[in-house]
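One structure is given here, and the rest of the page talks about it.
The values are calculated or read from the model by the stated rules, or taken from the named source; none is laboratory data. Note that the structure is predicted; figures quoted are calculated from it, not measured. With ideal geometry, Cβ positions are generated from the backbone for all residues, glycine too; neighbour counts draw on all protein chains shown. The accessibility values were calculated without ligands, DNA or RNA, using every heavy atom of the protein model including side chains. Shrake-Rupley method; radii C 1.70, N 1.55, O 1.52, S 1.80 Å.
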Amino acid sequence: KLDIKNDIQELKRMGVERIIMLTGDNEMVAKRISDSLGLTEYHANLLPDQKLDFIKNTLSKKYKTMMVGDGINDAAALSLSDIGVAMGGIGYDVTIESADVVLMKDDFSKIPDIIGLSKYVMQISNQDFLIWGLTNVIGLIFVFIGAFKPTEASAYNFLTDFVPLMNSMRIFKLYIGRKAM
């Protein structure tokens with residue numbers, strides 16, 4: 001429980017604005033868990049369709065909604081959320097099929113890792129688009145001023161395609177570094 005509380009604090013430091021517990025547990029159990037984790041919002045005694053309705057009402061164009069679930073009763077809400085994360089890869093097939101991400105172990109500490117990694121991947125992707133655009137503009141300039149013959153332009157285009165690919169290799173380096181930890 002202490003680790004989950006730290007993970008929730010990490011999510012808040014990462015900029016996650018709302019962390020809400022949706023549970024089928026009774027009010028007393030939900031309040032105790034919510035208080036122990038430092039959550040300010042929870043909803044108890046929920047049936048699967050009530051979780052689904054909550055997600056429907058939470059979806060927004062301003063921010064993304066992530067649902068983390070571990071049971072068959074979470075499948076519909078996982079499917080509807082912007083990002084569905086199923087905990088425990090040996091869970092129910094319908095839950096796994098409904099999720100965008102499946103964690104093979106019930107390890108909530110991976111949630112901040114997922115968000116951090118996805119932000120890093122988006123940063124690298126944006127750099128790749130910028131690199132690709134700049135190298136193509138430079139290539140076009142060389143073609144228009146007559147510095148490149150058609151064969152040289154084609155070689156330049158082929159060779160510069162590797163620059164964004166090499167930049168993207170940093171993702172694998174990070175992944176391999178995490179696996180070694």
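Key figures
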quantity: Cβ pairs under 7 Å, 6+ apart, first in the range 150-164 and under 14 Å from Leu134 (Cβ atoms), second among the hydroxyl-bearing types (Ser, Thr, Tyr) and in a helix (DSSP H, G or I); calculated: Thr160/Thr135; Val163/Thr135
quantity: Residues of the range 32-49 that turn out to be surrounded by 15 or more Cβ atoms within 10 Å (Cβ to Cβ) and outside any strand (DSSP E or B), as a count; calculated: 7
quantity: Condition met for Met87 (free of Cβ contacts under 8 Å to residues at least 40 places away in the same chain, open to solvent by less than 60 Å² (accessible area, probe 1.4 Å), among the aliphatic types (A, V, I, L, M) and under 24 Å from Lys119 (Cα atoms)); calculated: yes
quantity: Residue in the range 14-23 that is open to solvent by less than 70 Å² (accessible area, probe 1.4 Å), more than 17 Å from Asp74 (Cβ to Cβ), of a type in the set (Gly, Ala, Ser) and part of a loop (DSSP other than H, G, I, E, B) present; calculated: yes
quantity: Single match in Asp93, Asp82 (criterion: more than 23 Å from Lys12 (Cα to Cα) and exposed (fewer than 15 other Cβ atoms within 10 Å of the Cβ)); calculated: Asp93
quantity: Sole exception among (1) more than 24 Å from Asn6 (Cα to Cα); (2) aliphatic (A, V, I, L, M); (3) surrounded by 15 or more Cβ atoms within 10 Å (Cβ to Cβ) for Leu59, by number; calculated: (3)
quantity: Of all residues making up the range 50-59, the number that are out of contact with any strand residue (DSSP E or B) (no Cβ under 7 Å at 6 or more places or on another chain) and either of a type outside the set (Val, Ile, Thr) or assigned to a loop (DSSP other than H, G, I, E, B) (or both); calculated: 6
quantity: Number of the exception - Asn73 against (1) buried (at least 16 other Cβ atoms within 10 Å of the Cβ); (2) without any contact (Cβ under 8 Å) to a residue 40 or more places away in the chain; calculated: (2)
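Let's see how each residue does on (1) exposed (fewer than 12 other Cβ atoms within 10 Å of the Cβ); (2) touching a Gly at 6+ places or on another chain (Cβ under 9 Å); (3) acidic (Asp, Glu):
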residue: Leu134; (1), (2), (3): no, no, no
residue: Glu152; (1), (2), (3): no, no, yes
residue: Thr160; (1), (2), (3): no, yes, no
residue: Pro164; (1), (2), (3): no, no, no
residue: Arg170; (1), (2), (3): no, no, no
